[in-house]
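Down below is the structure, laid out as structure tokens.
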Amino acid sequence: MFYKFNFKHVFQIFICVVFFSLISCTEKENLKSAENLTVSEGFKNPIGFYDDKPTFSWKLPVTEKNKRQSAYHIVVASSPDLLPNTPDLWDSKKQETDQSTWVKYNGKPLQSRQKVYWQVKYWNQDEEASAWSDINYFELGLLDNSDWKAKWIGLDTAKDSIRGRGKVLIHKPQYLRKDFELSNDVAKARLYITAKGVFDVSINGEDVSDDAMSPGFTTYDKRIETLTYDVTDLIESGQNTIGVELASGWYSGRLLWGITPWDNTVSPKVLCQLELEMKDGSKQIIVSNESWKGTTNGPLQFAEIYDGEIYDANLELPNWTTNHFDDKNWKQVEVAALDNNVKLEPKRHDPVKGKIELQPKEIIKKEGTVIFNMQQNMVGVPLVKVPMKKGDTLKIRFAEMLSPDGTFYTKNYRSAHSTDYYIAAKDGEIVYKPKFTFHGFSYVELSGFDTSKEPSKDWVKGIVLYSDFDDNGTFTTSHEKLNQLQSNIVWGLRGNFLDIPTDCPQRDERLGWTGDAQVFGPTSMFNADVYKFWASWLQSVREAQLENGAIPWTVPDARGNKIASSGWGDVCTIIPWKIYMRTGDIGFLEDNFEMMKSWVAHHEMKSRNYISKMGFFGDWLQPHPENGDNRGDTNLSLIGTAFFAHSAQLTAKTAEVLGKTEEQAKYEALYKEVAKAFDEKYFDETGKVKGVAETQTSYLLALAFDLLPEPKIKNAQANLLRKLKEANNHLRTGFLGTPLLSQVLDEMVEIDLMYKLLFNETYPSWFYSINQGATTIWERWNSYSKTEGFNPQNMNSLNHYAYGAIGEWMYERIGAIAPKEAGYKTIRIAPIPGGPLTSAAASLNTPYGKVSSSWKIEDDEFKLEVVIPPNTSSEIEIPADTSKVLNVNNAVFEENENLKLINKTENAYIVLAHPGTYIFTTKIK
């Protein structure tokens, strides 16, 4: 049988094949999928998530094909099986935009406990589609008080408490437990838990987490954060036990002043809800209620943040968190209902954990004692493994430095006892790590150990505690002391980012001082992934704001005096704006805009004819104050008026970003009125300060905040230079003036002078403390001197990050990575070589990916290597003798689709660069 050839039929088949081939080619997914998917402020697959209106972010992988995103498509579903084709919660469809950060969820309402799955794909600049990303998820926590069926429980430790330092109640730690039985196997188990105090929880003898000092420190009268744990693997069919250790923490513990908006005299309590889904589909819930039992007769007899712990091993309770324990002599707990005026919300940033383990570098043996030198000022607790004799008490003391005679310097701890005790129950090696306290130290002193044994370095380890964030940027140079300054900045950050941004980590304070925070924000954002951290604390600032718009000195508020301070309260306008510039997240401005407006209104209320009458802290700890006041010589009204104008200007900028044109106009007009009043009140026609003390900071505020009319600016700049020269080109600035010094001198193109100030070796300077042995930033420029000893003032913290604000300039102008457009959408790379430096390098994980900049000078050649991440661009300023040729990637520079010369001055080439790696070389003057 022969087949008859049909040309028409074959042609139709051919057309169909071509058609479907074209479709296939059009939709072919030949790009790598998106990476680093996160929700909201950078959460990666969280459980117990706080945000039911999240945003989505992702990064384009670094490939030759990826320069810019042209579109995205997000799908969100209640099951991974529905992705990507049948999403039931939200389908964004293809959106033609380059936005790859902070994309707002616009789907069905989400609920407590819900687990949500999502994927994204993108198209590059050539309309090539990527593969779908891996499926990511977030699981919401309990979002509303009504989700809680549990009750607050605890023992009445108030009636048995003692009066401690400052006449506060000292509550004994509690041990609380509950046995329960399950008849079925568990498929899923979630533990929701929080405390008025700090807690540690175990199930069936196993620690639920390695978190420390949970749930953390918030405005307890408004909000208490809750934690969610996946405990599926810890639950057994049959008998189970949950056990909670509970101590005072920040809620009921000793705080400086201790005048809190919440009742800090009440006994600590815990709230616990264990929700179980069985393999047969049934559900069960175990809650904290009257059925729980407790005791204070456990090994931990004392635990306070400032004062340390007392642990008596003779009172240990073997197996108390298992069902092999008899609690018949324990008391029934007391219960309390939830207060719906206090919001229970999932924790919105990372809990505290032991992040780094340090080994002692040196031991110093004395009769009956041994001192371990970590050679790094750190914050955390010791892990000790020490031989002891039964009944003896191991005493563990801490110090940041030793006195010249070798004794412990603890005067700067003030009333903080900061000592741990361990009472041995038997002969032999004991292992102990404090649980509900933390210390600031470089030295650990042990006494009370078995003196017949030879001390060794492995007796002590330093467990460094801070909120569980990762490093975000790097900075290194050819100069050893500048590298040490960077190390000191990083360790100051680690030491003072323990759940909230604190002023210091060692004395009887450790509070969220707003002035310290506002100057250090940008520096912290470069060094660490702390957007979540700041967002959480700014929520506390919003909650702490008083009805008249005032921001307390510390947040959470422990002072209760209802007095604000200019430069301190302005944290509520400065931090939102500066963090927006580094994230590009408009939602952060939306969250804080009403607070910003209320604060500006408070400024206005505290002024007369736009001149501030607020006060209070001034240019804190200015060196060499002529008036002898810690608040410095700069007039308080001048400072207040300057910050009034600055906050009004930032609020206007925020309104502009948010598209609020009427409010933008209102605050721009207010800013101009305040600036005009500032100029008329404090500056004469020659641009010189009048009527008040003439200081470096007075000029810095005027110039940094743009408060002078154009004709006076040059004269004011000259007067600033004169004041610096009068100080032998040394700074005379405190907490408020110091961060502005580099900004203003940079804008004045006084780069050599800025390098002189940065590299000064004598007091007051950054290198002065390094020359005295500092491994962190100090509270004072002269906290210690090898020749004169310790500063006699009672505020003398050796771990205080405020003066580390210089890091912002180091990273953006020496390391040369700065945001030209919010979120580093456009990156400014403009290195300014100077001083003794011959090289510098920096890298930063931006919302779009990693950017790096590295420069080196050899003879008269300048070499700059940069990496620009996808979906961004960069304005690169290459210092050069522009009469000489510019080379890029080993060839003479020529414009192309990735590089464009946008300007050339006598001293620099300015190039617009798209994503890629570039090596520029040229001659330098």
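Which of the residues belonging to the stretch 887-900 are within 38 Å of the chain's Cα centre (by Cα) and in a strand (DSSP E or B)?
Once the filter is applied, which keeps residues that are within 38 Å of the chain's Cα centre (by Cα) and in a strand (DSSP E or B), the stretch 887-900 yields VAL888, LEU899, LYS900.
Go through the stretch 527-572 and give me each residue that's outside any loop (DSSP other than H, G, I, E, B) and within 10 Å of the chain's Cα centre (by Cα).
Hits for the stretch 527-572 are ASN527, ALA528, TYR531, LYS532, PHE533, TRP534, ALA535, SER536, TRP537.
Going by the conditions given, is ILE806 at negative phi, modelled with pLDDT of 95 or more and part of a loop (DSSP other than H, G, I, E, B)?
No; evaluated as a whole, the condition is false for this residue.
Which condition from (1) outside any loop (DSSP other than H, G, I, E, B); (2) of a type outside the set (Lys, Arg); (3) surrounded by fewer than 22 Cβ atoms within 10 Å (Cβ to Cβ); (4) in contact (Cβ under 8 Å) with a residue 60 or more places away in the chain is the one that PRO576 breaks?
Exception for PRO576: condition (3).
Could you say which residue among ALA677, ALA655 is in a helix (DSSP H, G or I), at negative phi, within 32 Å of the chain's Cα centre (by Cα) and touching a residue at least 60 places away in the same chain (Cβ under 8 Å)?
Testing whether each residue is in a helix (DSSP H, G or I), at negative phi, within 32 Å of the chain's Cα centre (by Cα) and touching a residue at least 60 places away in the same chain (Cβ under 8 Å) leaves just ALA655.
Among the residues that make up the stretch 336-343, is at least one of them within 26 Å of LYS151 (Cβ to Cβ), in a strand (DSSP E or B) and open to solvent by less than 40 Å² (accessible area, probe 1.4 Å)?
yes
Is there a residue in the stretch 244-256 that is open to solvent by less than 20 Å² (accessible area, probe 1.4 Å), among the basic types (Lys, Arg) and touching a Gly at 6+ places or on another chain (Cβ under 9 Å)?
Just the residues of the stretch 244-256 that are open to solvent by less than 20 Å² (accessible area, probe 1.4 Å), to begin with: 244, 246-255.
Going one step further and asking which of them are among the basic types (Lys, Arg), we end up with 254.
When the remaining residues are screened for being touching a Gly at 6+ places or on another chain (Cβ under 9 Å), the result is 254.
Yes, the conditions are met somewhere in the stretch 244-256.
Checking the condition crowded, with 23+ Cβ neighbours inside 10 Å, touching a helix residue (DSSP H, G or I) at 6+ places or on another chain (Cβ under 9 Å), among the acidic types (Asp, Glu) and closer than 25 Å to SER418 by Cβ, which residue from ASP557, ASP508, ASP585 passes?
ASP557
Quickly run through the stretch 299-321 and pick out the residues that are over 37 Å from the mean Cα position of the chain (by Cα) and either polar (S, T, N, Q) or on the phi > 0 side of the Ramachandran plot (or both).
Selection gives ASN314, ASN319.
For residues that are touching a helix residue (DSSP H, G or I) at 6+ places or on another chain (Cβ under 8 Å) and either part of a strand (DSSP E or B) or open to solvent by less than 10 Å² (accessible area, probe 1.4 Å) (or both), tally how many sit in the stretch 839-855. Steps first, answer last, please.
Narrowing the stretch 839-855 to residues touching a helix residue (DSSP H, G or I) at 6+ places or on another chain (Cβ under 8 Å): 840, 842, 844, 846-848, 851.
If we keep only those that are either part of a strand (DSSP E or B) or open to solvent by less than 10 Å² (accessible area, probe 1.4 Å) (or both) too, we end up with 840, 842, 844, 846, 851.
Qualifying residue count for the region: 5.
Could you say which residue among PRO836, PRO831, PRO792 is over 25 Å from VAL657 (Cα atoms), open to solvent by 10 Å² or more (accessible area, probe 1.4 Å), touching a helix residue (DSSP H, G or I) at 6+ places or on another chain (Cβ under 8 Å) and not in a strand (DSSP E or B)? Steps first, please.
Details: PRO831 fails: open to solvent by 10 Å² or more (accessible area, probe 1.4 Å); PRO792 fails: touching a helix residue (DSSP H, G or I) at 6+ places or on another chain (Cβ under 8 Å).
Answer to the selection: PRO836.
When both residues are 6+ apart or on different chains and their Cβ atoms are under 6 Å apart, which pairs have a first residue that lies in the stretch 225-242 and is closer than 28 Å to ASP339 by Cα, and a second that is crowded, with 19+ Cβ neighbours inside 10 Å and among the small types (Gly, Ala, Ser)?
So the pair list comes out as GLU225/GLY216; LEU227/SER214; THR228/GLY48; THR228/GLY141; VAL231/ALA189.
Say whether the condition of being within 21 Å of PRO505 (Cα to Cα) and part of a loop (DSSP other than H, G, I, E, B) is met by at least one residue in the stretch 371-384.
no
Take the stretch 622-652 and flag every residue that is among the aliphatic types (A, V, I, L, M) and free of Cβ contacts under 8 Å to residues at least 60 places away in the same chain.
ALA648, ALA652
Out of all the residues in the stretch 519-534, which are surrounded by 23 or more Cβ atoms within 10 Å (Cβ to Cβ), of a type in the set (A, V, I, L, M) and farther than 23 Å from GLY737 by Cβ?
The answer is VAL530, and nothing else.
Please go through the stretch 468-500 and give me each residue that is open to solvent by less than 10 Å² (accessible area, probe 1.4 Å) and without any contact (Cβ under 8 Å) to a residue 40 or more places away in the chain, ordered by number.
PHE497
Check every one of the strands (runs of 3 or more DSSP E) wholly within the stretch 25-136 and list those with 1 or more residues that are surrounded by 20 or more Cβ atoms within 10 Å (Cβ to Cβ) and among the polar types (S, T, N, Q).
35-39, 55-59, 69-77, 115-124
The values are calculated or read from the model by the stated rules, or taken from the named source; none is laboratory data. None of these values were measured; they are calculated from a predicted model. With ideal geometry, Cβ positions are generated from the backbone for all residues, glycine too; neighbour counts draw on all protein chains shown. What goes into the accessible areas is simple: the full protein's heavy atoms, side chains included, and nothing from ligands, DNA or RNA. Shrake-Rupley method; radii C 1.70, N 1.55, O 1.52, S 1.80 Å.
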